[in-house]
Amino acid sequence: MFDSIKFAHQNLRKSATATQELLSELENKKIDIILIQEPHTHNSHRILGFPSRSNLFQTDENILPKTGIFINNKNLMAKKLDKYTNCWMTTVQVQLSKSLLIISNVYIEPNTISSSHIDLLKDLMKTFANHPLILSGDLNARHTLWHDRIINRHGESICELINDFDLHIHNDENPTCLTINGNSIIDLTLSNYKARSFIRNWASTVHQHSIFDHALIEFEYASNERIPQRISNTTRRFNERKADWTKFNELIDQESVARITQNIEHTNNTNTIDHNILELTRIIQKAAFNSMPTIKRSTYHKRSNWWDTELKMMQIVFNSKRYLFSKERNPEARQHLYDDFKSFRNKYIRMIRKKRLKKWREFIEEIDTNNTWGNTHKLIRQKLNPQSHTLPIIEDFPYEDHPKIIENIVNSMFPTHRSSQEYIGHDTSLTTPEHEYNISKEYIESLISKTSSRKAPGDDNITYNMLKASKGKISESLAKIFSKCLNIGYFPKQWKKASLIIFPKANKSDYHLCQNYRPISLLPSIGKLLEKIVQSEIQNFLISNNKINPQQHGFIPNKSTITALHSIKAKILTEKRNKLTSLIAIDFTGAFDSADWNIILNNMHQLQIPQHLIQMMHSYFQRRTITMKHNTIEYSKNLSKGCPQGSPLSPLLWNILINKLLDTLAHLTLQYMLICSATNIEDLHVALTDSLNFINSFSNDNQLKINFSKTKILNFHKLSFPHPISIDSNIIEVVNNVKVLGVIFENHHIKSKINFTSHIKSAVNKSIKIKNLVFNYCKNTFGIDSRKRINLYKGLIRPVLTYASEIWIDQINKKQKSQLESMQHQLLRNSIMAFRTVSKACALSLTKITSLETFIEIKKIKFFHKNHLQRIDTENFDMYIKELIRAKISENFENTNQNFKSFFVNNIIPKHVRTDFYTTQFLTGHGPFGDYLSRMRLSNNLTCTCDNNSIQNVSHLLIDCHHYHAFKTNINLIASDLPSFVNEKENFKKFKKLCKYIYDHLRSIESSNSASL
């Protein structure tokens, strides 16, 4: 916590240059909050020029903002007050330990003050009369009350407001606005009686050599309360990007690890096991502390590094020239100085843009790395899924209430529970496995290698990267620990401690409710390795003994969402042909968090799972804890039910819990999809009602709860039920479409079909959103290279377009297929930086990608072959697929234009051919060439300027045109025909230079011709 907040207040005159100068001025002052009036917007609806991802509050209305509040201190708990935020006013609240500090920033244009301004300000004063409140801004109000020379209409209104609410004026006698026409005090800082005594060090600063005509106002709010700050409670403690992994591995004490291994081998005592696990944990933690820095998060936003010394020097000259002309009274001399200032200003602004663009290009393009998933991908992801780092459920309330709120959150998400069933297991303390476990170190190393380094660690801060770096030294010890735990049926207690983090669910209206947050349990990484072993043992038993219902698709080997969707589709189409068919999508409230442990253990007994594994799970459930930390507040409780979301075991435990329901109800297609059919509507109504009643009864018996508001019925017929279907007085809504595992199902008027129109529209709309972001960051002459763009399309956009295409491809029409192909073509065209007129065949050939129809066809063949639905009669299936892809690519090549074919012999495009904006034009023949422009009716002149006779096409420009002979000689490029430009890697590099040179020359000729007209 800290006890003061530093403020700065500045009118920016809508200037980008002024914005940068303000940030430069405040860079080393550690200002917490900046109040800005007349910000730079470039006539948009957003304030520009401040650090990206900064906490900048402004109006959300589709209107030009005239004020904004920039929270420079990232640790302050600030929230915008929407009622008191509009185009001319921005208001925020800052959390104090026992109350709220209200800050309102106002800009009222000259001669525009009205009753609407005053009424809203009065309402603000009344609403927060019992809170410290600061009102600051450019009010364009002049009055002798605050030492101005004159009184204007704004001044009279504000003076009345001050008197009505006993506001204190913090201004001194110094002017806050200095212009050629005179000085005035129109920028005010006011406070109510709750805040006045805590505002200190108020000062206005006017730099003569400055771009501003308004003073920079600074003051400090020194609270009598401690001001809480936002602290990162992440379990990721170490900065692994700066880790010395060699040193880390060396610091793992081999002798200590060997001693732990020996201790484990010679004990069955659980306390000894726990003690040695703790020792191993400390060894890894100590090595981390001494080989990598801890993560340090800066309090204040950092400025972009493009603002360098050269710009700072230019800024001084710029301000000096401005000052000289503004003070000059001689008209002729003033005009001369102004012209000089204007010329330098343009140079200064161009330099700012140049520097900023250069750094932006370096950031976006990342030419020093081949990583596709770098900054461009991260920016797109951030735009698609904006992350909220605030928790309104906590931070919107007084700090003193936070401990109780956090306790309520944990108890609401993980309520104390008494099982409806007794655990029927016998005393298993002496049960040992039929074959004693002796896990090998090689198996542990393999298990560690397969883990994802992106997974967050538990409260011990040990990451999978640390385990990977030290696996050679610790795998033997881990193998002995895991073997011992399995043999005695014991799950170590420190691996049962979960750290709780909560995330706001998307598109919820009220984030003050617990149900609108998703809980995630962060568990120790080593403990999750043991969980994976236990999960594998139980699952292997269930599958090898056919204990799992065939309708279970989730987290089952060789099954997936696609196999589940295929099962649903097949069932619907079979039933729909001759009967009235309906689908019910059932939603369970907090399914994973509601799982009853005793019921799971009893189900394991009924499934005849080996006793030592049941004993292991019994130990796993005992004395589990969950801890939530927020800033300096922490709350823990013992768990009594639920499968922790984040645990490798959770999906399997849920499958065990729900398996009995699938065994009992034959027409339950999945755990939550019910398909019923009947020959008439009355019988269908009865079937649906009976099935739902059965599921509801099962849910009640198993401590689960159906969320009836999210449970929906989709009819695959046009008839209406005689009366609504209701369960426990809850009416189940009939809808036109239902999303099942990410695919939207609808009824089709043809009995042999299912309608996927809404799904295709949704996929296309999602892709358009991503496409627009890609196009924003990847221009023809700007952004990541072609290879990265192609990979970005393959990994980010094509999966959206083709998700579950094995299921719906045979159900959609030609127009919908054309929509999908068109979307792919737009993105591939961008990938090779081609003109809009480039054909699909050329784009597909240059990117070495098949058409979307072919890609989906191959996906479908693979799916049907793998799941034995339609096997391909071939000894080598992978080779069959490769040959199919090769044939389709060759077919695409045959459809390219003659110019394209003339570059590549034998229809083969060499691997080193990676195009850019310039080479693509020459390879495709679509560029600023005479023959192309003539075909597009953009020019009447076909000939080249070299002789005004030869047709200006690609072949002529590259081989015959004498304009470029000298350049080819300079770069030592020898090529007698078009294929020789691309066949060799070195020649292709020179070809790229030649293409750019010719393009620039052609554009310069075009510019000259345009200028002469």
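The values are calculated or read from the model by the stated rules, or taken from the named source; none is laboratory data. Please read these numbers as outputs of a predicted model, since none were measured by experiment. Neighbour counts are summed over all protein chains in view; Cβ atoms, including those assigned to glycine, are modelled from backbone coordinates with ideal geometry.
Assorted remarks:
- Condition met for residue 712 (in contact (Cβ under 8 Å) with a residue 60 or more places away in the chain, among the charged types (D, E, K, R) and surrounded by fewer than 16 Cβ atoms within 10 Å (Cβ to Cβ)): no
- Count of region 60-70 residues, restricted to those that are at pLDDT below 95 and β-branched (Val, Ile, Thr), is 1.
- From the list 902, 851, 890, the one residue that fits, being in the same structural domain as residue 806 (by TED's automatic domain parsing) and either more than 32 Å from the chain's Cα centre (by Cα) or loosely packed, with under 15 Cβ neighbours inside 10 Å (or both), is 890.
- Qualifying residue in region 464-480 (condition: farther than 20 Å from residue 284 by Cβ, in contact with a helix residue (DSSP H, G or I) (Cβ under 7 Å, 6 or more places away or on another chain), surrounded by 21 or more Cβ atoms within 10 Å (Cβ to Cβ) and in contact (Cβ under 8 Å) with a residue 60 or more places away in the chain): no
- Among the candidates 291, 298, residue that is under 24 Å from residue 360 (Cα atoms), out of contact with any Gly (no Cβ under 7 Å at 6 or more places or on another chain) and of a type in the set (Gly, Ala, Ser): 298
- Qualifying residue in region 581-604 (condition: over 30 Å from the mean Cα position of the chain (by Cα), polar (S, T, N, Q) and over 26 Å from residue 707 (Cβ atoms)): no
- Some residue of region 620-637 being in contact with a Gly (Cβ under 8 Å, 6 or more places away or on another chain) and either surrounded by fewer than 19 Cβ atoms within 10 Å (Cβ to Cβ) or closer than 19 Å to residue 493 by Cβ (or both): no
- Screening 919, 943, 915 for residues that are within 36 Å of the chain's Cα centre (by Cα), among the polar types (S, T, N, Q) and under 21 Å from residue 1006 (Cα atoms) leaves exactly one candidate, 919.
- Note on region 300-327: residues that are in a loop (DSSP other than H, G, I, E, B) and touching a Phe, Trp or Tyr at 6+ places or on another chain (Cβ under 6 Å) total 0.
- Candidates are the residues of region 281-299 that are outside any loop (DSSP other than H, G, I, E, B) and surrounded by fewer than 17 Cβ atoms within 10 Å (Cβ to Cβ); the one that is nearest to the chain's Cα centre (by Cα) is 294.
- Of the helices (runs of 4 or more DSSP H) that lie entirely inside region 776-886, those containing 3 or more residues that are farther than 22 Å from residue 896 by Cβ and basic (Lys, Arg) span 852-866.
- Identification of helices (runs of 4 or more DSSP H) wholly contained in region 899-1011 with 1 or more residues that are closer than 20 Å to residue 847 by Cα, of a type in the set (A, V, I, L, M) and touching a Cys at 6+ places or on another chain (Cβ under 8 Å) yields 917-924.
- All positions within region 186-236 that are closer than 25 Å to residue 295 by Cβ, in a loop (DSSP other than H, G, I, E, B) and touching a strand residue (DSSP E or B) at 6+ places or on another chain (Cβ under 6 Å): 228, 233, 235
- Output for region 96-142, where each listed residue is among the hydroxyl-bearing types (Ser, Thr, Tyr), in contact with a strand residue (DSSP E or B) (Cβ under 6 Å, 6 or more places away or on another chain) and under 17 Å from residue 191 (Cα atoms): 104, 107, 136
- Conditions (1) touching a residue at least 60 places away in the same chain (Cβ under 8 Å); (2) within 30 Å of residue 129 (Cβ to Cβ); (3) touching a helix residue (DSSP H, G or I) at 6+ places or on another chain (Cβ under 6 Å): number failed by residue 280: (2)
- Any chance residue 487 is among the polar types (S, T, N, Q), touching a residue at least 24 places away in the same chain (Cβ under 8 Å) and under 27 Å from residue 660 (Cα atoms): no
- Taken over region 761-803, the criterion of being under 20 Å from residue 564 (Cβ atoms), among the aliphatic types (A, V, I, L, M) and surrounded by fewer than 21 Cβ atoms within 10 Å (Cβ to Cβ) is satisfied by 800 alone.
- Residue within region 951-968 that is crowded, with 17+ Cβ neighbours inside 10 Å, closer than 14 Å to residue 990 by Cα, hydrophobic (A, V, I, L, M, F, W, C) and modelled with pLDDT of 95 or more present: yes
- Within the set 699, 691, 786, the sole residue that is closer than 30 Å to residue 377 by Cβ, outside the structural domain of residue 917 (by TED's automatic domain parsing), touching a residue at least 60 places away in the same chain (Cβ under 8 Å) and not hydrophobic (A, V, I, L, M, F, W, C) turns out to be 786.
- Filter pass, residue 652 being closer than 21 Å to residue 547 by Cα and in contact with a helix residue (DSSP H, G or I) (Cβ under 7 Å, 6 or more places away or on another chain): yes
- Restricting attention to region 968-992, the residues being more than 18 Å from residue 902 (Cα to Cα) and without any contact (Cβ under 8 Å) to a residue 24 or more places away in the chain number 8.
- 1 or more residues within 27 Å of residue 451 (Cα to Cα): qualifying strands (runs of 3 or more DSSP E) within region 492-607: 497-504, 517-522
Residues checked against (1) modelled with pLDDT of 90 or more; (2) part of a loop (DSSP other than H, G, I, E, B); (3) among the acidic types (Asp, Glu):
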position: 626; (1), (2), (3): yes, no, no
position: 629; (1), (2), (3): yes, no, no
position: 636; (1), (2), (3): yes, no, no
position: 644; (1), (2), (3): no, yes, no
position: 659; (1), (2), (3): no, no, no
position: 670; (1), (2), (3): no, yes, no
position: 677; (1), (2), (3): yes, no, no
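- Residue count, region 677-727 (criterion: under 39 Å from the mean Cα position of the chain (by Cα) and under 24 Å from residue 744 (Cβ atoms)): 13
- Residues (among the basic types (Lys, Arg) and at pLDDT 95 or above) located in region 97-133: 122, 126
- Candidate set from region 93-147 (those that are of a type in the set (S, T, N, Q) and over 41 Å from the mean Cα position of the chain (by Cα)); member that is surrounded by the most Cβ atoms within 10 Å (Cβ to Cβ): 140
- The set of residues in region 748-775 that are assigned to a helix (DSSP H, G or I), among the hydrophobic types (A, V, I, L, M, F, W, C) and closer than 23 Å to residue 569 by Cα comprises 760, 763, 764.
- Residue check for residue 14: part of a loop (DSSP other than H, G, I, E, B) and touching a Lys or Arg at 6+ places or on another chain (Cβ under 8 Å): no
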